[in-house]
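Chemist: Sending over a structure as structure tokens; questions will come in a sec.
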Amino acid sequence: MGFFISDGYRKNAQDVGDKKHQFEYWSDIVCNEFVKLDCIKKDDNADQQFYGELRGGVGIGDVRFAEVISDSHQVVRSKQQISKTSEADFLISFQLAQQGIVRQSGREAILTPGSFAMYDSTQPYSLSFKENFHQFIVQMPKDVLSRHLMNPEQYTAIQMSGTSGLGAVMTNFILSMTKELSHLDQASNELSNNIINMIAMAFSSSVMLEQVGSNSVVKESLINRIHQYIETNLCNTNLSNQSIAASQGISIRYLNKLFEEQTESVHSLVLEKRLNRGLKLLQDPYYSGHSIETIAYNVGFSSGAHFSRCFKKHFGQSPSQFR
């Protein structure tokens, strides 16, 4: 398979000429392109020729692209390397040929062609390749991705499929776009934002979440985001399962599936939060002169009567009696 990146620059370990220094030169290439790493050669025979070629120097806005075809080796981002630099990026490796292993935060993602995984440069990680391989790498600042994807570190070192669902859409879009970089506005912030949004949606989509199966860390992260979204939009009378699911890029079916394992349904959760907030407003001296109907609207009920019925059923007395 050839390279997707045709623009930018090309760097090759064999450019140094002397076999004894090829891997050392390759280590410099990798560190200069991505983040500071320790490169470990599988075979320490200094006389063995090492092949490694990198295409880079291209990107759009905050997103940078690189591509590597190389002989087997391992790269390690250690605590010592992290302490030496202020680099704070997320990287995504798309496996195009052979196999790679991403390890971070006690998790391990085995990448085969058509899959990808993300890793965080502010935490130790390693990439291992037992044989020659081909990867495409997307790199972006941590603070930028964090504005689009809540708690992105929860998704690191988890194998994701690039052959179905939003993972396939994202993979095909990025690889196809890479071939057209020379015809695109390299400073396009809008296109950069669209790419990052697509990455965020791919990692948080129901398809991806179902693929990680029993990974409780990812599910807990999504449930926490849902709770936060409900809290923020509690006073909105249009808050519904549909709007909640849409805000997280998941289906209503998957939203309900997530809460099957919880103590209450999404509808019950919203109702309880609204009633508890209504209770606090009834206790607040500032609202002593406000009508029950006004308080009902302030906590997301469409009418005072509905609020009163639910309140009495939940607390055993009406809002008026509580006052």
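Chemist: Give me the extension gain from residue 320 to residue 227: residue separation times 0.36 nm, minus the current Cα-Cα distance, reported in nm with one decimal. Write down the numbers at each step before the final one.
Modeler: On the way: separation 93, 0.36 × 93 = 33.48 nm, distance 2.91 nm.
This chain segment gains 30.6 nm when fully extended.
Chemist: Another one. If R₀ is 41 angstrom, what is the calculated FRET efficiency for the pair residue 264 and residue 197, using the beta carbon separation as r and rounding to 0.05? Let's see the in-between values first.
Modeler: Numbers: r = 31 Å, r/R0 = 0.76.
With R0 = 41 Å, the Cβ-Cβ based efficiency is 0.85.
Chemist: List the relative contact order of the chain as a percent without decimals, with contacts defined as Cα pairs under 8 Å and 6+ residues apart.
Modeler: 13
Chemist: Express in Å², to the nearest 10, the accessible area of residue 267 obtained by rolling a 1.4 Å probe over the protein heavy atoms while all chains stay in place.
Modeler: Around 130 Å² of this residue is reachable by solvent.
Chemist: Please list, or write none, the aspartates and glutamates whose alpha carbon is within less than 13 Å of the alpha carbon of residue 312, excluding same-chain residues fewer than 8 places away.
Modeler: Within the straight-line limit of under 13 Å, residue 312 reaches these aspartates and glutamates: 272.
Chemist: Taking 0.36 nm per intervening residue step and subtracting the Cα-Cα distance, what contour gain separates residue 18 from residue 257 on full extension?
Modeler: 80.2 nm
Chemist: Give me the distance in nm between label points sitting 7 Å out from Cα along the Cα-to-Cβ direction at residue 72 and residue 142, one decimal.
Modeler: According to this spin-label approximation, the distance is 3.2 nm.
Chemist: Using a 10 Å cut-off on Cβ atoms, rank the peptides 49-56, 144-151, 197-204 from the highest mean neighbour count down.
Modeler: 197-204, 49-56, 144-151
Chemist: Sort 295-303, 252-260 for me by packing, meaning the mean count of neighbouring Cβ atoms within 10 Å per residue, highest on top. Let's see the in-between values first.
Modeler: Values: 295-303: 18.8, 252-260: 15.2.
In descending order of packing, they fall as 295-303, 252-260.
Chemist: Does anything in segment 1-26 have its amide N under 20 Å from the 7 Å Cα→Cβ label point of residue 131, and if so which residues?
Modeler: 1-3
Chemist: Quick one: check the C-alpha center-to-center distance for segment 57-93 versus segment 272-294, whole angstrom.
Modeler: Each part reduced to its Cα centre gives a spacing of 52 Å.
Chemist: Based on the alpha-carbon gyration tensor of the chain, what equivalent-ellipsoid semi-axes (square roots of 5 times the eigenvalues) come out, in whole Å, largest first?
Modeler: 51, 18, 17
Chemist: For segment 28-183, with every protein chain kept in place, what is the accessible area per residue (1.4 Å probe, Å²)?
Modeler: Each residue of segment 28-183 exposes 40 Å² on average to a 1.4 Å probe.
Chemist: To the nearest 10 square angstrom, how much accessible area does residue 110 have with a 1.4 angstrom probe?
Modeler: Number for this one is 70 Å².
Chemist: I'd like the accessible area for residue 264: 1.4 Å probe, protein heavy atoms, all chains in place, Å² to the nearest 10.
Modeler: My reading of the accessible area for residue 264 is about 50 Å².
Chemist: Let me ask something additional. Taking the mean number of other Cβ atoms within 10 Å as a proxy for protection, how do you rank 84-90, 101-107, 285-291 from highest to lowest? Don't jump to the answer; show the numbers that get you there.
Modeler: Numbers: 84-90: 14.6, 101-107: 17.6, 285-291: 10.1.
Descending packing order for the listed peptides: 101-107, 84-90, 285-291.
Chemist: When the Kirkwood radius is taken over all Cα pairs of segment 1-72, what Stokes-Einstein diffusion coefficient follows at 10 °C and 1.306 mPa s, in µm²/s?
Modeler: Here the translational diffusion coefficient equals 123 µm²/s.
Chemist: Can you tell me the alpha carbon radius of gyration of segment 7-145 divided by the globular rule-of-thumb value 2.2 N^0.38 Å?
Modeler: My calculation over the Cα atoms of segment 7-145 gives 1.00.
Chemist: Could you check how much of the accessible area of the chain is carbon and sulfur, as a whole percent, using a 1.4 Å probe?
Modeler: Percent of accessible area from carbon and sulfur atoms in the chain: 47.
The values are calculated or read from the model by the stated rules, or taken from the named source; none is laboratory data. These numbers come from a predicted model, not from an experiment. In this analysis, Cβ positions are derived from the backbone assuming ideal geometry, glycine residues included, and neighbour counts consider all displayed protein chains. Protein only, heavy atoms only, side chains kept; ligands, DNA and RNA dropped before computing areas. Shrake-Rupley method; radii C 1.70, N 1.55, O 1.52, S 1.80 Å.
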